[in-house]
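Here it is: the structure, laid out below.
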Amino acid sequence: MAQTLDPLTAIPSLDDTQAGNYFVSNYPPFSVWSGDHASSAVSRLGKAGNAETPLGLYIHLPFCRKRCNFCYFRVYTDKNHNDIQQYLEAVIREARLAAQQDFVAGRTLDFIYFGGGTPSYLSAKQLTHLMSGLKDALPWESPREVAFECEPGTLSEHKLEAIRDFGVNRLSLGVENFDDDILESNNRAHRSQEIHRAWEWLEKIDFAQVNLDLIAGMVGETDANWRRCIDETLRLAPEAVTVYQMEIPYNTTIFKEMKQKGSAAAPVANWATKRRWVGEAFAAFEAGGYQIGSAYTAVKDSSTIRFVYRDQLWNGADMLALGVSSFGHLDGVHYQNEAHIAPYVAAVDSGRLPISRALPISGEERMIRQFVLNLKLGRLDPHPFRERFGVDVIDRWRGLLETFQAQNLLTFGNDSIVLTRNGLLQVDRLLHAFFLPEHTQIRYA
Ligand code: SF4
């Protein structure tokens, strides 16, 4: 079927940073998942999974020292030791419930991701308890990747050693910016001194891969400071760098402040400036020997540095979700857990899977999902789509691809679609044009 959407009306505008989601992290969009479909996820878990499909695990640890002004995740900054302990018991209990499902029987975990929130907010003792509970409950044999997110100010040498000893082989450090005033203006909990202290420990403790996160366009960012962030990152020389462009979803503190002031534009750089900053960062990283692996990542050595979680998820892997508001995917069924901690813990305590909303997706939606997520890598091979879905993606979207090619956003032929750097830096904006018509009008930045 030929794609008839006009890409110029389907994709959002280029102007100021307004409120809304910019990043496409899944498809169909979260806003069309619903409580009415929660039972589809429960019943899918009750049937055998496909042994050929990789199985992953995402664990949401929703505690942070402070809530960053740009944060849109489910996080808590007011929980005491007992609250956290109760939450960890619920997560372990949920892991046992998940492991009893026929969907998991006979399979082992290929990749595991600890996200948040701030997983490193937990003490070494709490982490040890959680890890041993999860390892006992789940088929955690020899996953290819165990990824773990850290906030620099929550680390100690002892905690990092414990994290390494749990088998974590991809540690992600949320630096975001090196300037103390900018960190403070954005209500970030850590300061530059804590970044450097954490880095000294990381240099002693051997993780297979350390990724450093930056955000282009925090409140207060300037050309000169961004250049310092790039230089400082190159000096530290992590195995991987991830650079996000600042977006302002509706549930952020920044959006609340915009509403109070009646302002439509967020107090951050516009999209053109943020793209330029990421472009400058990518150019500097390439000059420093890195390779650009996606719209957001630079890696030191693409022949050895992998991001298994991303690659498997973008290619249709199954993923179990543990924890409050956590997202998962079960052979064509998206699902999300209870969005608040009290109903989440109550569900698990009563022996029930805490799934609150889901969406069974069609074969066509699965194909579009894999297509748009893989375009974020900057290079797409159409052949797997012919084999897996029986769809020639070039034929299906030829009109759109020609339009984007004419705009210097990509080039394509029968064997590949390759985004130009200009296209890669704004890929999320372009992806909406490939969505089904009923999903293109959902509000994005
Ligand atoms: S550290 Fe991350 S999860 Fe925590 S408040 Fe900041 S952005 Fe949100």
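Nothing in this text is a laboratory measurement; each read-out follows from the coordinates by a stated rule. These numbers were taken from a predicted model, which means no experiment stands behind them. Cβ sites come from the backbone with ideal geometry, for glycine too, and all protein chains shown count toward neighbours.
Restricting the range 267-308 to residues that are among the charged types (D, E, K, R) and touching a residue at least 60 places away in the same chain (Cβ under 8 Å), which is surrounded by the fewest Cβ atoms within 10 Å (Cβ to Cβ)?
Looking at residues that are among the charged types (D, E, K, R) and touching a residue at least 60 places away in the same chain (Cβ under 8 Å), I get 301.
Tally up the residues in the range 50-59 that are within 15 Å of the ligand (Cβ to nearest atom) and part of a loop (DSSP other than H, G, I, E, B), please.
Summing the residues that are within 15 Å of the ligand (Cβ to nearest atom) and part of a loop (DSSP other than H, G, I, E, B) in the range 50-59 gives 0.
Residue by residue, here is whether (1) within 22 Å of the chain's Cα centre (by Cα); (2) within 16 Å of the ligand (Cβ to nearest atom) holds:
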| site | (1), (2) |
| --- | --- |
| 33 | yes, no |
| 40 | no, no |
| 43 | no, no |
| 48 | no, no |
| 61 | yes, yes |
| 70 | yes, yes |
| 75 | yes, yes |
| 85 | no, no |
| 100 | no, no |
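Quick one: in the range 124-182, which of the residues that are of a type in the set (Ser, Thr, Tyr) and under 19 Å from residue 323 (Cα atoms) is surrounded by the fewest Cβ atoms within 10 Å (Cβ to Cβ)?
132
Is there any pair with a first residue in the range 63-75 that is outside any loop (DSSP other than H, G, I, E, B) and a second that is more than 7 Å from the ligand (Cβ to nearest atom) whose Cβ atoms are under 6 Å apart and which are 6 or more apart or on different chains, and what are they?
63/76; 63/79; 63/121
Just one of the numbered conditions (1) assigned to a loop (DSSP other than H, G, I, E, B); (2) surrounded by 14 or more Cβ atoms within 10 Å (Cβ to Cβ) is not true of residue 408; which one?
(2)
Taking the stated definitions as given, is residue 172 within 14 Å of the ligand (Cβ to nearest atom), touching a strand residue (DSSP E or B) at 6+ places or on another chain (Cβ under 8 Å) and of a type in the set (S, T, N, Q)?
Yes; evaluated as a whole, the condition is true for this residue.
Sort through 127, 109 and tell me the only one that's free of Cβ contacts under 8 Å to residues at least 40 places away in the same chain, within 18 Å of residue 147 (Cβ to Cβ), aliphatic (A, V, I, L, M) and away from the ligand (no atom under 16 Å from the Cβ).
127
Can you name the strands (runs of 3 or more DSSP E) wholly within the range 242-356 that have at least 3 residues being under 29 Å from residue 17 (Cα atoms)?
297-299
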